[in-house]
1. Name the residues in segment 166-178 that are in contact (Cβ under 8 Å) with a residue 24 or more places away in the chain, over 14 Å from LEU202 (Cβ atoms) and either surrounded by fewer than 17 Cβ atoms within 10 Å (Cβ to Cβ) or in contact with a His (Cβ under 8 Å, 6 or more places away or on another chain) (or both), would you?
2. Just give me the residues in segment 164-182 being of a type outside the set (A, V, I, L, M) and either within 12 Å of ligand 1 (Cβ to nearest atom) or modelled with pLDDT under 90 (or both), in sequence order.
3. Yes or no: segment 104-114 includes at least one residue that is away from ligand 1 (no atom under 16 Å from the Cβ) and in contact with a strand residue (DSSP E or B) (Cβ under 8 Å, 6 or more places away or on another chain).
4. Right, LEU120: touching a residue at least 12 places away in the same chain (Cβ under 8 Å), in contact with a helix residue (DSSP H, G or I) (Cβ under 8 Å, 6 or more places away or on another chain) and either outside the structural domain of TYR240 (by TED's automatic domain parsing) or more than 16 Å from ligand 1 (Cβ to nearest atom) (or both) or not?
5. ILE251 - would you say it is within 16 Å of ligand 1 (Cβ to nearest atom) and β-branched (Val, Ile, Thr)?
6. Considering each residue of segment 82-110, count those that are under 21 Å from ASN263 (Cα atoms), within 13 Å of ligand 2 (Cβ to nearest atom) and of a type outside the set (A, V, I, L, M, F, W, C), and give that number.
7. Going through segment 305-337 one residue at a time, which ones are of a type in the set (Ser, Thr, Tyr) and part of a strand (DSSP E or B)?
8. Assess whether LYS118 counts as being surrounded by fewer than 18 Cβ atoms within 10 Å (Cβ to Cβ), more than 13 Å from ligand 2 (Cβ to nearest atom) and closer than 12 Å to THR212 by Cα.
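The values are calculated or read from the model by the stated rules, or taken from the named source; none is laboratory data. Values in this document were obtained by computation on a predicted structure and should not be read as measured data. All Cβ positions, glycine included, derive from the backbone under ideal geometry; neighbour counts span all protein chains shown.
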Amino acid sequence: MKQKTVFVCRECGYESSKWLGRCSACGAWNTMEEFTPARESKQGFSKLEGAAVPDLPIPIREVNCDDVARRLTGIREFDRVLGGGIVSGSLILLGGDPGIGKSTILLQVCAHLAGSAKVLYVSGEESKHQLKLRASRLCRKKETGMDSVYVMSEVNMEAVFSAVTKLSPDVLIVDSVQTMLNPELDSAPGSVSQIRDVTMSLMRLAKGTGTTVFLVGHVTKDGAIAGPKLLEHMVDTVLYFEGDESRAYRILRAVKNRFGSTNEIGVFEMTTGGLAEVDNPSAALLAERGEGEITGSAVLCLMEGSRPLLAEAQALVARSFLGTPRRTASGFDTNRLSMLLAVLEKKLNLNFSTQDVYVNIVGGIRAIEPCADLGICMALASSFLNFAMPHGILFLGEVGLSGELRSISNLERRLSEAEKMGFTSCVIPEFNQKKLSQNFSMELFAAGTLSEVIRLFH
Ligand SMILES: Nc1ncnc2c1ncn2[C@@H]1O[C@H](COP(=O)(O)OP(=O)(O)OP(=O)(O)O)[C@@H](O)[C@H]1O
Ligand SMILES: [Mg+2]
């Protein structure tokens, strides 16, 4: 029988029977790759005993789920992102920029699991020697207990599977999916067919044996996991490791989780001893904020999953010498910034047309929530009108197109976090105040419009 080949888009996973210069689904150029789906018998793991037994339908109440065990790694931030520990038999994809610390965190997980589980770390990128060097740097104290951690420097999936059969580890780490290779396929490592095949066989391994598999994935320059999007569909959990390499803070984020809530984050700090957990991220983010009154700075609160996070928004409005004044935002959407500037201009007669505007959310945090609007507007107004913001005040609220303050979610949680951090007053939208059920010792200013808030301070 002639083997059927298809062409798959590297960016979005779109399949076509003929080659296209431009993907008709996502519009990317030169991303179609020839893909020959491997036949069942050819796939690495199906050769392993017991893995390819056909599954028969049974009534759902007869399914035994007592054995869905969660194993705590002991790294609290990591466990929390996974929804309370790692689930046996799950396949977890960890993506992130080069050098962000993917291998580091996974090696730390190995060290923490060492006493309670057998772990196999397969690296296609580093030699055993390199792994050992890193392990001794990260886990100086733990090294004696790392007897149940096995390492292997290998790219051939067949060798990996035979090692897995021999060792039967509880946790398998594969670093990275782009370097692994099924030698029965003709394509090069990192191609769509290899990535798909490797992931599929690891998924069968996880589901068939109950081994938890961590898979490292490189990301492309626009931040998506390299290889088609369908990689994300195939796995149970997708974690992204984010952060600025120049800064020490790293954020681990779950963007998909079949065993827990998404958008939960874990905050780490890169130190010489590896990634250290940051217990109080709000304090860490506000640590460098000056005491006393500051111009062009406001504190806002972002919900990251179930966790409120206080962050500082800084703005600088300066006379422009350019034909088109500059609008630069880091950690904030530039379109949203343009909208806020338009509202400030129209409703408060602040003329930004001759001004360069820079906005920065300190600490490499991204303020995606609309709740950040009021804080950003206040930082902008404070820099433009040159008034200082009192210390210990927090700004919460979404700014609407007509300059009104719109209500926000989770107000109580945000206020509790601010109180814990020693904030003494907070500006909140009027609508929220009406629904407030809890009492807070901090002073609350309820406002209906943005101009009311600015009048309070200027
Ligand atoms: N001796 C050291 N002291 C402090 N930090 C170090 C040291 N060695 C490495 N690092 C940090 O560890 C980072 C590398 O981490 P790691 O190798 O885990 O990244 P990665 O995400 O696996 O990268 P890649 O995509 O290349 O595999 C470096 O960028 C650096 O910040
Ligand atoms: Mg690595």
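1. Within segment 166-178, the subset in contact (Cβ under 8 Å) with a residue 24 or more places away in the chain is 167-178.
Still in the running and over 14 Å from LEU202 (Cβ atoms): 167-168, 170.
Across segment 166-178, the qualifying residues are LEU167, SER168.
2. Here is the first cut: in segment 164-182, the ones of a type outside the set (A, V, I, L, M) are 165-166, 168-170, 175-176, 178-179, 182.
ASP175, SER176, GLN178, THR179 - these are the residues of segment 164-182 that are of a type outside the set (A, V, I, L, M) and either within 12 Å of ligand 1 (Cβ to nearest atom) or modelled with pLDDT under 90 (or both).
3. Filtering segment 104-114 down to residues away from ligand 1 (no atom under 16 Å from the Cβ) leaves 113-114.
Keeping just the survivors that are in contact with a strand residue (DSSP E or B) (Cβ under 8 Å, 6 or more places away or on another chain) gives 113-114.
Scanning segment 104-114, I find at least one residue that is away from ligand 1 (no atom under 16 Å from the Cβ) and in contact with a strand residue (DSSP E or B) (Cβ under 8 Å, 6 or more places away or on another chain), so the answer is yes.
4. Values: touching a residue at least 12 places away in the same chain (Cβ under 8 Å): yes; in contact with a helix residue (DSSP H, G or I) (Cβ under 8 Å, 6 or more places away or on another chain): yes; either outside the structural domain of TYR240 (by TED's automatic domain parsing) or more than 16 Å from ligand 1 (Cβ to nearest atom) (or both): yes.
In short, yes.
5. yes
6. 5
7. First, the residues of segment 305-337 that are of a type in the set (Ser, Thr, Tyr): 306, 320, 324, 328, 330, 334.
Listed by number, the residues that qualify are THR328, SER330.
8. Numbers: surrounded by fewer than 18 Cβ atoms within 10 Å (Cβ to Cβ): yes; more than 13 Å from ligand 2 (Cβ to nearest atom): yes; closer than 12 Å to THR212 by Cα: yes.
For LYS118, the condition - surrounded by fewer than 18 Cβ atoms within 10 Å (Cβ to Cβ), more than 13 Å from ligand 2 (Cβ to nearest atom) and closer than 12 Å to THR212 by Cα - is met.
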